[in-house]
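Structure first, then comments.
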Amino acid sequence: MELAKYTFGVGDRFAHQGKAQLRAIMRANESGLDISPVWNKSNREHIYVHTYPADVRREADAAVAALGFTGKYFVDADHINLSTVEPFIDTADFFTLDVAAFIGKPSSDADVAAFVASCREYLGELAIPGIEKPIQVTPALLAQVAGKFLAAIRQAAEIHAHLVARKGEGNFVTEVSMDEVETPQTPVDMLFILKMIADAGIPAQTIAPKFTGRFNKGVDYRGDLRQFAREFEDDVLVIDFAVREFGLPESLKLSVHSGSDKFSLYPIMGDIVKKHGKGLHVKTAGTTWLEEVIGLAQAGGEGLALAREIYASSYGRKDELCAPYLDVIDIDGAKLPAVEEVEGWSGESFVNALRHVPGHPEYNPDFRQLVHVAYKIAAEMGERYLSMLERYDEIIGRCVEENIYERHLKRLFGW
Ligand SMILES: [Zn+2]
């Protein structure tokens, strides 16, 4: 099972927007691109929303059938490990092996020494085509990288072997993710991590490193754009080198766990992968849910009332809702509008505050981040929320489609 060159994550908290998401991708593909949608949902999300992995498969299949989509598409068991993978095995065909928790776990001296010995031919000045400065590879550097990452890759190999036993070799796509950690991995780390992945026989098609800078949920990147561009391009070139040198799958590409809406990074990433003729996977963070709230507010009447109610509840439960996401949100409480103020907002003002249009005078990223983590409130509303999604399906669907097409895919792949 081989990934297309470009894949785009379309997480969908409440599993109602599959068709609208797919419409956006199909519209982009009309311009000659071949983007595959990947419906991703993590175990954590399933627990909060009370959905099951089979729901995502049903949603994806139904959208594909309804719209007659003939391209490749995938269902991603996002951020799984050995203890959480089981419910995903039957219905997912893309597995994101999260081994971040194993980074830095000790490996035996013998294993580290064996890895160092296996890299003998790279000692000294190692030139990666396209990267200006050669890497100085020393036994100490190799031992350090092995000490840090061997245990994580060993864990990835264990999860992969488990999946092969259950699903059969070649029947699924493998991603290795290390993004949910504090310290970014450098392109040099990446090079030797890929060597370990190849040595372990893991046919990874995507790899998700931690990049420098802040990737907060649902809002733009915060960090040095030039530094990001250099890091990203070096990673792309390292992967290209590793594919040829270590015999990894030709389709291996970077997976950017974007947290959604990294608008200032999109053109940078798009230009670099186009320049080198490489692929890209962008994983997103379920901001389709925000388009549902935007659509409800835009609909006015009971839709707007529900959107206001969701905000009012989230305002009162801010600490609880933010707790699981403290590392990936930055909300300035002083910039959150008071509940009474929002009660007085028109639908248009609500939409303008929530919708991510950089530079719009009413856009409020603090408001947006709080509503983003408030999907638990909609989940608690249960049928009441879902019935409103159905009632305002058309207007919400338009918001979902426009968001992915105009604000994401156009910026990323530019046509
Ligand atoms: Zn991630």
### Query
When the chain is fully extended, how far beyond the present Cα-Cα distance does H360 get from R214, taking 0.36 nm per residue of separation?
50.4 nm
## Note on the structure
Expressed in nanometres to one decimal, the distance between label points 7 Å along Cα→Cβ at E125 and S387 is 7.3
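Just order 125-137, 228-240, 6-18, 299-311 by mean Cβ neighbour count inside 10 Å, highest at the front, would you? List each step's numbers first, then the result.
Numbers: 125-137: 13.3, 228-240: 20.6, 6-18: 24.8, 299-311: 18.8.
Going by the mean number of other Cβ atoms within 10 Å, highest first, we get 6-18, 228-240, 299-311, 125-137.
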### Query
In nm, to one decimal, how far is the modelled label at R317 from the one at M1, with both set 7 Å along Cα→Cβ?
3.4
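What FRET efficiency would be calculated for the residue pair Q144, E245, taking the C-beta separation as r and a Förster radius of 22 Å, to the nearest 0.05?
On the way: r = 20 Å, r/R0 = 0.93.
According to the calculation, E is roughly 0.60.
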### Query
With each run of n ≥ 4 DSSP H residues scored as -39500 (n - 2.57), what mean residue ellipticity at 222 nm is computed for the chain after dividing by its residue count and rounding to the nearest 500 deg cm²/dmol?
-15000 deg cm²/dmol
### Query
Distances over 21 Å make up what percent of all Cα-Cα pairs in the stretch 289-408?
33
### Summary
Between L33 and R58, the two model label points (7 Å from Cα along the beta-carbon direction) sit apart by a distance in nm of 3.1
### Query
Say a paramagnetic label sat at a point 7 Å from the Cα of E302, along Cα to Cβ; which residues of the stretch 365-404 have their backbone N under 16 Å from it?
381-396
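What does the convex hull of the Cα atoms come to per residue for the chain, in Å³? Mind showing how you got there, number by number?
Details: hull volume 56.4 nm³, N = 415.
It is 136 Å³ per residue.
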### Task
Working from Cα positions, state the angle (0 to 90°, nearest 10) between the long axis of helix 109-118 and the longest principal axis of the chain.
80
### Task
Can you bin the stretch 303-372 into rounded, prolate or oblate? Criterion: square roots of the alpha carbon gyration tensor eigenvalues sorted a ≥ b ≥ c, rounded for a/c under 1.5, prolate for a/b above b/c, oblate for the rest.
oblate
### Message
Of the candidates E121, E292, E390, which one comes out as most mobile in a Gaussian network treatment of the chain with C-alpha springs shorter than 10 Å?
### Response
E121
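Is the shape of the stretch 165-282 best called rounded, prolate or oblate, per the rule: a/c under 1.5 gives rounded, else a/b larger than b/c gives prolate, else oblate, with a ≥ b ≥ c the square roots of the Cα gyration tensor eigenvalues?
Values: a/c = 1.79, a/b = 1.55, b/c = 1.15.
Prolate, since a/c reaches 1.5 and a/b exceeds b/c.
My understanding is that a pair violates if its Cα-Cα distance is over 23 Å; which of K133/K278; K148/K210; K5/K105 do that in this structure? Working shown, then result.
Working: K133/K278 21 Å; K148/K210 14 Å; K5/K105 33 Å.
Over 23 Å Cα-Cα: K5/K105.
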### Task
Using only Cα atoms, find the angle between the long axis of helix 266-276 and the longest principal axis of the chain, and express it within 0 to 90 degrees, rounded to the nearest 10.
30
### Query
Where a Cα-Cα gap under 27 Å defines reach, which lysines qualify for K335, not counting those fewer than 8 residues away within the same chain?
K217, K262, K318, K376
### Query
For the Cα atoms of the chain, what angle does the longest principal axis make with the long axis of helix 53-67, in degrees from 0 to 90, nearest 10?
70
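Here, each number is a calculation from the coordinates, and none is a lab measurement. Being a predicted model, the structure only gives us computed values, none of them experimental. Reconstructed Cβ throughout: ideal geometry from the backbone, glycine too, with neighbour counts over all protein chains shown.
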